[in-house]
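Each remark here refers to the structure printed beneath this line.
The values are calculated or read from the model by the stated rules, or taken from the named source; none is laboratory data. These figures come from a predicted structure and were not determined experimentally. Backbone-built Cβ (ideal geometry, glycine too); neighbour counts: all protein chains shown. Heavy atoms of the whole protein, side chains included, go into the accessibility calculation; ligands, DNA and RNA do not. Shrake-Rupley method; radii C 1.70, N 1.55, O 1.52, S 1.80 Å.
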Amino acid sequence: MFVKKYLLSMNRRTKIEIGTFIAVTQAFVFLLVSHFHISEITYMSFIPIICTAFFFGEMAGLFFGAAVATCFSPLWIDLSGYGSPAWAIRAFGYATVGLVVGNLSNALRNYLRFEENIRITDISTGLPNRQAFCDKLAELSAAQISGHFAIVVIVISNTKILSETFGNDVTKSIFNQFKDKCAELTKKMNAEIETYSISSDQIAFFFRKSNEDDLETKEKFEDSLTSVAKKNFLHKGFFIHADSRLGIYRFSDFSETNSGELPLRYAEKAADTAVKQMKDLVVYGPSNLAQGAKHSKASDILGRIDLAIRSRWMFLVYQPKIDMATGKINSVEALIRWNDPDMGFVPPGLFIPQAEQSTLIENITDFVIKQAILQLKLWQRSGIFVNIAVNVSTYNLLQPNFVNKVLNLLKEKKLPPECLEIEVTESALITDFQHILDGLNRFHDANIKIALDDFGTGYSSFQYLQRLPIDYLKIDQSFVRNLGTNRESKEIVKAIVDLAHTIDVKTIAEGVETLSDYEYLNSVKCDIGQGYFMAKPLTSNNFISWYSENNGIYTYSR
Ligand code: C2E
Ligand code: CA
Ligand code: CA
């Protein structure tokens, strides 16, 4: 990092500093040689020669080496004088060291330049990329530059279709035409403009002006931009339409709210809103930030999931499940919680469905299962033997190595597979029944119990139920919640319990909130109950206290 900084962007001050260091070292060596009359000391001159060559290149190294040799010639008493073969060999050695080190430094410099270029350039369009934009904003922010700025992000929704039709270079062509058109626009406005390709379907412009535009000029600028975006682009003789939506973020200083890459993210949010609301253009300014921040909740969520897992902002809570006939605390359901330092509490109902639409659910389930297994081990050490149920998504079940991964984790902690249960929602079955069934069979064969969650809300036919290797039907809360008020709910719950028992499957009622719910469920022989009436989801420590208070057998007072 240090070397890279010095090799690629040495400013005048650094050059003077390094030059001074070299001169002082060289003068010191010269003094030593002249004082002690030991010519070998001149070998110390390799340090300044190497430094010169390294920082200033091969020619500087060569000439400095030769110059040092020339300066020292009167002092080289061990050699037979200036111009002798021995002298020439040493002088040649000095110059060669300068040349070779300079050559290596030039090669290193070229490599670093190439690497830096790749880091800040979008290869497919040849334009500076998002990293370059972020670097630029960070630099301006550090220098607390003020002026009048606008970041324009243009999202082109149909890049995929255009690439399939016209080839991959179509984006390059559109982005570069956008760049030229916007540059023309700014000429009239007397502003500076920089263009960045921030993703495969997003181009960003950074406009900078010294004076602030009045409202009319601002509106004119926005109109011109939208009309540029609406015009056709020419590519290989074809007129093509780029389906563009624009987001603009205007600001006038790099204060705390506008530091680093934040202004770019605000402009992206504005563009995101334009796409969602199907508007041509959405403009944000610092006054919209509150609105922007609210909007960020949904869109930032996916981007923060990994960070939240790594930073331990996500953790598990455990809700007991009780054997209704005996009161035995037979297992717990692990439920995820996310307490974010910036966004506050993010409910699982918000981020799980989003994560399920992406591969991020794999990271979440991995984290949950690892934590749950670890917790199980810790509880066992304190004498608490309960099973743990984790929620598993369709995506997880479709991964062929998922079961092996889970079994290996259990094996590592020397826990039998029976300790773990999985809960799969009924709606998961709609996706790809055969593959889900294969996944469930693998769990069943491995002795891991399976519960069909939210039962009654999906569309499982009895024929499907018969084919599923399930151990529990988990009756959805919506039926349980209405037990006190709705006679039909009572009938449905009883019917589900009876049906489950006929096919040799146990039932779990979730959302048990009152004593009468509990008693009714017990009377219709529902096997297991879970709900706020018995216990809310508890942190691990609270669960230990609750378990100990109940001595492992749940009893309630009327
Ligand atoms: P779920 O699997 O149906 O979990 C039961 C939800 O009902 C939990 O909400 C729980 O706190 C809540 N609950 C339990 N007893 C009662 C009660 O008596 N009354 C009421 N009103 N609610 C009760 P939570 O924790 O907010 O989870 C919501 C959903 O998020 C879960 O529904 C599950 O689908 C999903 N989820 C939670 N944790 C995970 C996880 O680790 N992985 C996956 N894939 N999904 C999870
Ligand atoms: Ca569940
Ligand atoms: Ca449920």
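If I ask for residues that are within 12 Å of ligand 1 (Cβ to nearest atom) and either surrounded by fewer than 22 Cβ atoms within 10 Å (Cβ to Cβ) or under 27 Å from F402 (Cα atoms) (or both), which ones from the range 457-481 would you list?
Correct list: T457, K474, I475, D476, Q477, S478, R481.
Please state which of the following conditions A451 fails to meet, knowing it meets all the rest: (1) open to solvent by 20 Å² or more (accessible area, probe 1.4 Å); (2) closer than 27 Å to S540 by Cα.
Failing condition for A451: (1).
Identify the residue in the range 34-56 that is buried (at least 17 other Cβ atoms within 10 Å of the Cβ) and of a type in the set (G, A, S) and, among all such residues, is modelled with the highest pLDDT.
A53
Going by the structure shown, is I193 under 28 Å from the mean Cα position of the chain (by Cα), in the same structural domain as S244 (by TED's automatic domain parsing) and at pLDDT 90 or above?
no
Considering only residues that are open to solvent by 40 Å² or more (accessible area, probe 1.4 Å) and not aromatic (F, W, Y), look in the range 336-347 and name the one that is nearest to ligand 1 (Cβ to nearest atom).
Across the range 336-347, the extreme among qualifying residues is P347.
Which one of these is touching a strand residue (DSSP E or B) at 6+ places or on another chain (Cβ under 8 Å), within 16 Å of ligand 3 (Cβ to nearest atom) and under 20 Å from N447 (Cβ atoms): V386, V392?
It is V392.
Among the residues of the range 127-149, write down those that are open to solvent by less than 40 Å² (accessible area, probe 1.4 Å) and under 26 Å from the mean Cα position of the chain (by Cα).
L127, N129, A132, F133, C134, L137, L140, S141
Suppose we filter I301, I361 for residues that are surrounded by 17 or more Cβ atoms within 10 Å (Cβ to Cβ), at pLDDT below 95 and out of contact with any Leu (no Cβ under 9 Å at 6 or more places or on another chain); which single one remains?
I361
Give the residues of the range 231-243 that are open to solvent by 30 Å² or more (accessible area, probe 1.4 Å), more than 33 Å from the chain's Cα centre (by Cα) and touching a residue at least 12 places away in the same chain (Cβ under 8 Å), sorted by residue number.
K231, L234, K236, F238
Which residue is nearest to ligand 1 (Cβ to nearest atom), if the candidates are limited to the range 371-386 and must be surrounded by 16 or more Cβ atoms within 10 Å (Cβ to Cβ) and not aliphatic (A, V, I, L, M)?
Ranking the qualifying residues of the range 371-386, first place goes to Q371.
Looking at E261, is it closer than 22 Å to H148 by Cβ and either surrounded by fewer than 20 Cβ atoms within 10 Å (Cβ to Cβ) or more than 28 Å from the chain's Cα centre (by Cα) (or both)?
Here the answer is yes, as E261 does meet what is asked.
Which residues, taken from the range 415-437, are away from ligand 3 (no atom under 16 Å from the Cβ), under 24 Å from K370 (Cβ atoms) and either surrounded by fewer than 21 Cβ atoms within 10 Å (Cβ to Cβ) or of a type in the set (V, I, T) (or both)?
Hits for the range 415-437 are L415, P416, P417, E418, I436.
Taking the range 314-326 as the region of interest, how many residues are touching a helix residue (DSSP H, G or I) at 6+ places or on another chain (Cβ under 8 Å) and either open to solvent by 60 Å² or more (accessible area, probe 1.4 Å) or not in a strand (DSSP E or B) (or both)?
Looking only at that region, the number is 3.
Restricting to the range 425-480, name every residue that is closer than 19 Å to H501 by Cβ, in contact with a helix residue (DSSP H, G or I) (Cβ under 9 Å, 6 or more places away or on another chain) and part of a helix (DSSP H, G or I).
Result: F462, Y464, L465, R467, F479, V480.
Just give me the residues in the range 548-558 being free of Cβ contacts under 8 Å to residues at least 12 places away in the same chain and part of a loop (DSSP other than H, G, I, E, B), in sequence order.
N551, S557
Got a sec? Which of L452, L515, L473 is away from ligand 3 (no atom under 16 Å from the Cβ) and in the same structural domain as V368 (by TED's automatic domain parsing)?
So the residue among L452, L515, L473 that is away from ligand 3 (no atom under 16 Å from the Cβ) and in the same structural domain as V368 (by TED's automatic domain parsing) is L515.
Please give the number of the condition S557 fails out of (1) in the same structural domain as D445 (by TED's automatic domain parsing); (2) among the hydroxyl-bearing types (S, T, Y); (3) more than 16 Å from ligand 1 (Cβ to nearest atom).
So S557 meets the others, but not (1).
So how many residues does the range 528-547 have that are open to solvent by 20 Å² or more (accessible area, probe 1.4 Å) and either without any contact (Cβ under 8 Å) to a residue 24 or more places away in the chain or within 16 Å of ligand 2 (Cβ to nearest atom) (or both)?
Here the count works out to 8.
Output the number of the condition that N541 fails; it satisfies all remaining conditions of (1) within 16 Å of Y318 (Cβ to Cβ); (2) in a loop (DSSP other than H, G, I, E, B).
Condition not satisfied by N541: (2).
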